[in-house]
1. Kindly indicate whether any position in the stretch 183-190 is modelled with pLDDT under 90, more than 20 Å from residue 144 (Cβ to Cβ), of a type in the set (Lys, Arg) and surrounded by fewer than 16 Cβ atoms within 10 Å (Cβ to Cβ).
2. Evaluate the stretch 23-46: report whether one residue or more is crowded, with 22+ Cβ neighbours inside 10 Å, polar (S, T, N, Q), in the same structural domain as residue 200 (by TED's automatic domain parsing) and within 29 Å of the chain's Cα centre (by Cα).
3. Within the set of pairs 6+ apart or on separate chains, which have a first residue in the stretch 335-346 that is assigned by TED's automatic domain parsing to the domain that holds residue 304, a second that is modelled with pLDDT under 75 and part of a helix (DSSP H, G or I), and C-beta atoms under 7 Å apart?
4. So, residue 113, is that one in contact with a strand residue (DSSP E or B) (Cβ under 7 Å, 6 or more places away or on another chain) and acidic (Asp, Glu) or not?
5. Taking only pairs six or more apart or across chains, which ones have beta-carbon atoms under 8 Å, a first residue in the stretch 56-70 that is closer than 14 Å to residue 11 by Cα, and a second residue that is exposed (fewer than 14 other Cβ atoms within 10 Å of the Cβ) and among the aliphatic types (A, V, I, L, M)?
6. Out of the helices (runs of 4 or more DSSP H) lying entirely within the stretch 105-224, which hold 2 or more residues that are in contact (Cβ under 8 Å) with a residue 60 or more places away in the chain?
Amino acid sequence: MSDSQGLQVTGVSVAYGKHQALDNVSISVAPGEIVVILGANGAGKSSLLGTISGLVDRSAGSVTINGTATAGYKAHQVVAAGLALVPEGRGIFGDLTVEENLTLGAYSKFAREREETQRQLVYQLFPKLIERRQQIARTMSGGEQQMVAIGRAMMSAPGILMLDEPSLGLSPLLASDVFKTLKKVRETGLGILLVEQNAKQSLSIADRGYLLENGRITAEDNAQNLLNDPAVREAYLGGAGSKEAPVTQHTKPAADHTGESVSVNRPAASVPGHIQPAGLDKRAPLASDRLAGGNIQDWIRSAEVLQRTAWQTGVRANRRVIAGPSDNTSGSLADMLARMEQAARRSSADGDTSTSDSSNNDLSNNDLSNNNRGG
């Protein structure tokens with residue numbers, strides 16, 4: 001349809017009872033142009049596509065397709081005027097073959113006159129469908145079913161193609177293939193109106209975009225500007241998640257034990273109360289109220305790190321940890337470690353290992369004698 005004038009939506013409003021779904025919405029799509037509608041769930045994106053395609057009644061405004069006003073048109077009349085919709089979820093005939101699905105797309109008089117030409121165009125865009133012509137559609141993969149849905153819509157020989165969430169339920173690889181295909185579809189001269197949650201990929205192939213919020217168009221710009229807009233990135237492209245965690249500098253003994261230190265970067269602790277002692281790979285121990293739900297490995301790690309911290313910092317472990325009302329567990333751990341270290345230091349300082357062994361032997365002999373007498 002080389003004489004297509006594209007799509008013009010002017011001042012459209014839609015209400016479901018007392019809920020205002022669309023409020024004075026105006027958009028346009030020119031032939032050979034991809035336009036994307038961005039918006040959160042419930043913003044009115046699907047209501048807009050339904051209104052344009054004649055599935056939803058509008059309370060105000062006008063829709064013009066290829067120069068024809070569609071006021072009062074039913075859905076099939078809108079298709080005949082030159083607009084096709086690929087709905088969310090694809091909406092193919094699952095029990096029919098690929099060939100039968102495509103044939104059903106060319107039901108209008110205008111489309112039947114161009115059926116063979118459109119079929120060859122679909123097969124050119126989706127070569128995989130040629131070998132799957134006789135396959136039952138529901139037995140195909142999600143990506144292949146999406147090809148069938150787009151191909152069936154194109155069989156109506158539209159001037160405007162609308163797609164509602166074409167990448168929904170597809171793997172990233174298959175979704176990327178769908179967006180590449182839409183670029184090829186644009187090259188045939190069709191105008192494409194795209195509603196898509198994958199804002200980054202949709203904007204990367206689009207010419208222009210609109211932001212739809214609470215039923216109103218709040219912004220319009222070319223796709224590249226929207227892609228680089230900080231507010232858009234924050235709202236739709238995960239801008240907040242791209243910030244890197246702060247990094248702190250720590251030192252770690254070199255592997256050859258020469259006494260030299262090497263600088264290593266470690267992410268700063270994200271949990272309040274965590275301290276990363278210099279040179280330790282493990283996090284500092286948690287308080288008892290934080291360990292209450294932990295497993296035995298957490299307790300062992302806590303005790304080990306306490307001891308290693310005392311050795312590396314030179315602080316005597318018998319200094320009692322100042323504990324809050326709910327921190328008795330960490331205090332008892334410190335006491336236990338302190339007693340262990342005190343016993344080891346006394347044994348090393350006294351140097352009476354042999355005496356201790358002799359005493360132990362005497363004690364053992366006395367026990368043995370007593371046992372014999374008792375026998």
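The values are calculated or read from the model by the stated rules, or taken from the named source; none is laboratory data. Nothing here was measured: the structure is a model prediction, and the numbers come from that model. Note that each Cβ is placed from the backbone with ideal geometry, even for glycine, and that neighbours are counted across all protein chains shown.
1. Within the stretch 183-190 (the criterion being modelled with pLDDT under 90, more than 20 Å from residue 144 (Cβ to Cβ), of a type in the set (Lys, Arg) and surrounded by fewer than 16 Cβ atoms within 10 Å (Cβ to Cβ)), the answer is no, since none of the residues qualifies.
2. no
3. Note: pairs meeting the criteria are 337/303; 337/306; 337/307.
4. On the way: in contact with a strand residue (DSSP E or B) (Cβ under 7 Å, 6 or more places away or on another chain): no; acidic (Asp, Glu): yes.
No.
5. 62/69; 62/71; 63/69; 63/71
6. Values: elements: 109-112, 115-125, 128-131, 142-154, 172-187, 199-205.
Hits in the stretch 105-224: 115-125, 142-154, 172-187, 199-205.
Listed here are the residues, each with its yes/no results for (1) at negative phi; (2) polar (S, T, N, Q).
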site: 23; (1), (2): yes, no
site: 60; (1), (2): yes, no
site: 64; (1), (2): yes, yes
site: 67; (1), (2): no, no
site: 112; (1), (2): yes, no
